[in-house]
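> First the structure, then my questions, so here it is.
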Amino acid sequence: MERGGGARPHSGADNDADDSRNDNARSAVDGSNRASLLRSFWSGRRDLNPRRPPWQGGTLPLSYSRESNATVTSNGATPSQVDIAPRAWYPHLMREIVPGILTWPSYSARFGYDFNGFLVRRPDGNLAIDPVEPTDDDLATLAREGVARIIITNRNHYRAAARVREHTGARVAVHPADADFVRAKGVAVDDLLAHFERVGPFVVVPAAGKSPGEIALHWPEKRLLLVGDACVGTPPGGLSLLPPAVIDAPDELRRSLRRIAAELDFDTLLVADGESIVRAGRAALQRLVATFDGAGPTPVAMPRQP
């Protein structure tokens, strides 16, 4: 209404404005629908790293496709799960989880959580750690970024090492106690890792138990620890052990984890299985270790499928 009280006739500009408002309203509804759709796929948990990687224009949640994680305690109870086709809706899942370290997932239907590979950017040569099967886009990123060395933390994490090696020319390194197993899986082993040696920024830490050659990687200056199968990042924010049937020496594994929790200084805990803990990772490991002495039932990440 005009100040004089008469109705102001609509102009072409007014119609354009109305169309713009209608378009904005439709966009808001469409955006709401898209957000609702994505929430149905994602876990709903807030990403602990809200930076926007330049190659994808935004971050993804720490868990990409699950409503909950397949974690059970000694009573055998398993939460219900909702499945979707893993990675079908997003072709490029590599992202920066902490400054200088990229990660990409491969969903395990058997266990109900992501397996994770890592790419550590280094001026003296990038490191790929426990590389999981990459999408074509992620493989192209690995080739473009360059990989000087592939570090395998335990015998079962040879994963996509042969494929990444083929596309990047990287050397493969593993502890000698697990090297024969890796070779038997068709992966050429170029280097053998020794306890307490430096590999790029990392110190190789003994973590035997799940397999005799299991290692962890400690970056003291960054207060960061990366583990393979010594423990699993489930439930979110917590840690579990793998099932006893796949652990060679459970008592030795507990001793390894006790020593790591007591002696190493770290805050960020990156895990090759499950969800990493960007802050308070040592406290989470100490809570797990406390269950070994009866503080509660030790959580075990049991497979959802045979």
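FYI, it's all coordinate maths here, none of it is from the lab. Here the structure is a predicted model, which is why all the values come from computation and not from measurement. All Cβ positions, even for glycine, are placed from backbone atoms using ideal geometry, and neighbour counts span all protein chains on display.
> Would you kindly state how much longer the chain becomes between ARG279 and ALA148 on full extension, computed as 0.36 nm times their sequence separation minus their alpha carbon distance, in nm to one decimal?
Values: separation 131, 0.36 × 131 = 47.16 nm, distance 2.84 nm.
Taking 0.36 nm per residue and subtracting the Cα distance, the gain is 44.3 nm.
> What span do the alpha-carbon atoms of the stretch 243-283 cover on each of the three principal axes, reported in whole Å from largest to smallest?
30, 23, 12
> Let me ask something else about it. What is the set of long-range amide H partners of GLU133 at a cut-off below 5 Å, with H atoms built 1.01 Å from backbone N?
Amide H neighbours of GLU133: ALA160.
> Then there is this: Starting at the first residue of the stretch 227-243, write each ³J(HN,Hα) from the Karplus equation 6.51 cos²θ - 1.76 cosθ + 1.60 with θ = phi - 60°, in whole Hz, x for Gly and Pro.
Going residue by residue, I get 10, x, 10, 4, 7, 10, x, 7, x, x, x, x, 9, 9, 9, 6, x Hz, with x marking Gly and Pro.
> Report the paramagnetic label zone for ASP191: residues of the stretch 93-107 whose backbone N is under 19 Å from a point 7 Å from Cα along the Cα-to-Cβ axis.
Within reach of a label on ASP191: 101-102.
> Moving to a separate point now. Can you divide the C-alpha Rg of the stretch 101-194 by 2.2 N^0.38 Å and report the result to two decimal places?
Compactness ratio reported: 1.01.
> Additional query: Any idea what log10 I(q)/I(0) is at q = 0.20 Å⁻¹ for the stretch 207-302, Debye with uniform C-alpha scatterers and no solvent?
-0.92
> Can I ask one more? For the ranges 158-167, 243-252, 177-186, what's the packing order if you count other beta-carbon atoms within 10 Å of each residue, average per peptide, and put the highest first?
Details: 158-167: 19.9, 243-252: 13.1, 177-186: 16.3.
Packing order, densest peptide first, comes out as 158-167, 177-186, 243-252.
> Dipole of the stretch 196-306, Cα-centred, from +1 at each Lys and Arg C-beta and -1 at each Asp and Glu C-beta, to the nearest 20 debye?
With Lys and Arg at +1 and Asp and Glu at -1, about 220 debye.
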